[in-house]
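Colleague: Here you go, one structure.
The values are calculated or read from the model by the stated rules, or taken from the named source; none is laboratory data. Small disclaimer: the values here were computed from a predicted structure and weren't measured. Methodologically, a virtual Cβ is constructed for each residue, glycine included, from the backbone with ideal geometry; neighbour enumeration extends over all protein chains shown. When the accessible area is computed, the model is the full protein with side chains, heavy atoms only, and any ligands, DNA or RNA have been set aside. Shrake-Rupley method; radii C 1.70, N 1.55, O 1.52, S 1.80 Å.
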Amino acid sequence: MDEAPTPGLNIAVLVKHVPDAQFDRHLNGPRNTTERSESILSELDEYALEAALQLVEQHGGDAAGHRVTAVTMGPGPAVSAVKKALQMGAAEGVHLTDDALAGSDASATSRALAALLSHLGPFDLVLTGMASTDGETSLVPAQLAERLDLPQVTFAAALELEAAEAGWTLTARRDGDAYSETITCQLPALVSVTDQINEPRYPNFKGIMAAKKKPLRTLSLSDIGLTADEVGFAGSWTAVEAAEPRPPRSQGIVITDEGDAGLRLVDFLAGQKLL
Amino acid sequence: MPTVLVFLHDPGAVLAKNDRELLTLARTLGDPVAAVAGDAGDPLLDGLGSYGVSTCYLPADPSVGKSLVAGKAAFLAEAVRASGASVVLLGNAYEAKEIAARAGVRLESGVITDVVAVADDLTATKSVFAGSYTSQCRVTTGIPILAVKPNSIEAAEAGQPATPETVSVEVPVPAAAAVITGRVDKPATGRPDLAEARVIVAGGRGVDGNFAPLEELADLLGGAVGASRAATDAGWIEHSAQIGQTGKTVSPQLYISAGISGAVQQKAGMQTSQVIVAINKDPDSPVFEIADFGVVGDLFTVLPQAAEEIRKRRA
Ligand SMILES: Cc1cc2nc3c(=O)[nH]c(=O)nc-3n(C[C@H](O)[C@H](O)[C@H](O)COP(=O)(O)OP(=O)(O)OC[C@H]3O[C@@H](n4cnc5c(N)ncnc54)[C@H](O)[C@@H]3O)c2cc1C
Ligand SMILES: Nc1ncnc2c1ncn2[C@@H]1O[C@H](COP(=O)(O)O)[C@@H](O)[C@H]1O
């Protein structure tokens, strides 16, 4: 095992509270924003948290001075995303909430999260999911890296940290269509991970009990030095002017194979001019 | 006419299909110029010319691609400044979106991803919640940066070809960037790219390790082979074939789903396909809820029979 070159790794994991995709999702909040009842910790952010916990465990655990902070930005109920992260094993939680944040697009979200991380940090590593399962833009991690002037390693499918005299070196694998790449950088860095990287743990009873005693802070905009016009609808660079549910796909024909289904399938394709 | 900059984030030797679509869209919005994030040889420049590009911006140091995203984003921002463009169009691949994200911060400009149409007034239509919503969005600050999904527009060459003039752009070296230190090529399948394919035959856990009947049908139809996460996780096929929330989002003319149950995460990647055909043993599979033509049956008998019949009809 590596010797830690620094007092310990300070890792922030960004977790988002999103509508559960198992239910119908709607854009009928104010100004076509997401309706947020039935929300959960974004499944894709669980992979980022698991990656943080595994890195800490591989390098000496809490005893080595490493610390994982779960961070979310969102309305009141979003705190449950942080609570779940604490149950899974994060040491500390932070919830940024303020009425003025409502309606933030990626640019405003990344501005707020950058200010929040600067206020809480410095962090050696900022971990995020590959995309939020509601916005699905994958813009926030890259914009955070740009704003915080951090090297970005996005869509990591495998991750390793190595300690050396000069600091920590991060190596990641990223899988593309035609090739797979090895990427390296020195910490501090911002890393987003895919769902290929690990299998997130479930909170166990001990974790659930321990979470109740872990520090959880709630901060508002003024705590991190931002004003209302820098975030939310006012601070966003894009606007959703209209949103409409797509008409659901109507169910077509379903046949049961009686020995000729392949032929009937070809008839169907021919009828649709798809052959 | 406004200048519309098309950004080729991952240039090949010749114009890719998606780039031809972007250039065609650019011409409907104004005068197209291009910025190529790397080298541009004559075949690529000729291609740009035939799509009406008058000016092609190139990085002074073509190694901008060595660093991850940061270098290309810095180049895009500089190319926008140099060209005076008032709109940027680029692809919707992960890397393209990230370049857009960072360039957006540099240019203090809004970014819209997953765009399927752009109106004259630059209102962008995009699909949301895995294709279950359509929204109209606008960039309200800065130069609109729009990441456009493939197959959103029919590519057409310009009536009047141009001979692009090349302009070299100095790019500031990003202070902190990760570097690509290794690269392992994956074997080519010889089939069309999933994102661009007009026909996709996708298999799931029901394929049980044997993709041969799917490949046979895909090849007959000139299509690509896709998969559910269950199939890629099992290692039966490359992860890059995965369709769904954490894989590719596709909208081909025809999607044939075989041995896939149709979980929300799978539907997220394929429910905007024009025609969906599903073959599944289980009549209660959710995939049948979105299929235009469903077969309750065994894929190992249905697919080969269909392939045989297509061959017969073509003979
Ligand atoms: C964060 C997250 C992200 C995910 N992302 C994705 C994603 O991007 N893409 C994706 O696909 N999944 C994704 N999943 C997984 C998804 O939830 C499902 O588990 C997965 O899609 C199931 O794959 P399947 O339909 O092949 O397998 P199963 O659900 O096991 O279905 C197999 C089907 O095959 C049928 N079958 C079996 N034998 C035959 C036969 N001989 N002939 C015909 N039919 C047969 C069965 O009746 C069954 O319906 C994700 C999950 C999570 C948690
Ligand atoms: N409001 C938020 N609070 C915490 N993390 C967020 C928030 N929005 C986005 N993120 C992080 O950024 C990632 C990508 O989100 P997105 O750019 O919206 O697709 C997510 O997986 C999260 O890790």
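Colleague: Of the residues that make up the stretch A:138-145, is at least one within 13 Å of ligand 2 (Cβ to nearest atom), in contact with a helix residue (DSSP H, G or I) (Cβ under 6 Å, 6 or more places away or on another chain) and among the β-branched types (Val, Ile, Thr)?
Modeller: Yes, because at least one residue in the stretch A:138-145 is within 13 Å of ligand 2 (Cβ to nearest atom), in contact with a helix residue (DSSP H, G or I) (Cβ under 6 Å, 6 or more places away or on another chain) and among the β-branched types (Val, Ile, Thr).
Colleague: When residues of the stretch A:26-60 are filtered for being within 13 Å of chain B (Cβ to nearest Cβ), crowded, with 21+ Cβ neighbours inside 10 Å and away from ligand 2 (no atom under 14 Å from the Cβ), how many remain?
Modeller: 1
Colleague: From (1) within 21 Å of B:THR181 (Cα to Cα); (2) buried (at least 22 other Cβ atoms within 10 Å of the Cβ); (3) out of contact with any Ser or Thr (no Cβ under 7 Å at 6 or more places or on another chain), pick out the condition that doesn't hold for B:LEU89.
Modeller: (1)
Colleague: Taking the stretch B:253-281 only, how many residues are touching a residue at least 24 places away in the same chain (Cβ under 8 Å), more than 17 Å from the chain's Cα centre (by Cα) and crowded, with 24+ Cβ neighbours inside 10 Å?
Modeller: 9
Colleague: So which residues in the stretch B:141-185 are within 12 Å of chain A (Cβ to nearest Cβ), open to solvent by 40 Å² or more (accessible area, probe 1.4 Å) and of a type outside the set (Ser, Thr, Tyr)?
Modeller: Answer for the stretch B:141-185, where residues must be within 12 Å of chain A (Cβ to nearest Cβ), open to solvent by 40 Å² or more (accessible area, probe 1.4 Å) and of a type outside the set (Ser, Thr, Tyr): B:GLY142, B:ILE143, B:ALA175, B:VAL179, B:ILE180, B:ARG183, B:VAL184, B:ASP185.
Colleague: Counting just the residues of the stretch B:198-231 that are surrounded by fewer than 21 Cβ atoms within 10 Å (Cβ to Cβ) and charged (D, E, K, R), which one comes out nearest to the chain's Cα centre (by Cα)?
Modeller: B:ARG198
Colleague: Scan the strands (runs of 3 or more DSSP E) fully inside the stretch A:165-232 and keep the ones with 2 or more residues being within 24 Å of A:GLY76 (Cβ to Cβ).
Modeller: A:216-219
Colleague: Tell me the strands (runs of 3 or more DSSP E) entirely within the stretch B:1-106 that contain at least 2 residues that are among the β-branched types (Val, Ile, Thr).
Modeller: B:3-8, B:31-36, B:87-91
Colleague: For the stretch B:186-196, state whether one or more residues are modelled with pLDDT of 95 or more, more than 7 Å from every other protein chain (Cβ to nearest Cβ) and either under 19 Å from A:GLN22 (Cα atoms) or open to solvent by less than 20 Å² (accessible area, probe 1.4 Å) (or both).
Modeller: no
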